[in-house]
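Some notes on the structure that comes next.
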Amino acid sequence: MLRHEFQPGRLIAGAVLTAAGVVYLGAANGVWATPWFAIIPMVCGGLCLAAVTGLAARAIRRGRSGRTKPLTGRGGAAAP
């Protein structure tokens with residue numbers, strides 16, 4: 001399996017949309033009474049939280065990548 005970059009924003013978006021689906025499914029089956037308009041703020045708030053998390057993760061990654069020095073010239077491997 002190929003490894004991929006961890007993206008916390010997508011993790012949060014998926015968890016929020018899954019939770020909204022569970023709430024909607026429970027209301028549809030009559031397990032609990034949820035008003036129809038309760039899902040909208042849940043989804044919008046979750047997507048906003050996911051966007052902020054994704055932007056923060058990107059800023060952290062960019063900050064870390066700028067600190068490393070490229071291996072060119074004298075610091076790299078010896079040329080044959």
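No value in this document is a laboratory result; all are computed from the given coordinates. Bear in mind that the values here come from a model prediction, so they are computed numbers and not experimental data. Cβ: placed from backbone, ideal geometry, glycine included. Neighbour counts: every protein chain shown.
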Practice problem: Between residue 29 and residue 42, with labels modelled 7 Å along Cα→Cβ, what's the label distance in nm to one decimal, could you check? | Solution: 1.4 nm
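Counting only other residues whose beta carbon sits under 13 Å from that of residue 57, what net charge do I get with K and R as +1, D and E as -1? Intermediate results must be reported in sequence, preceding the final value.
Details: positive: 10, 58, 61, 62, 64; negative: 5.
Every neighbour counted, the sum reads +4.
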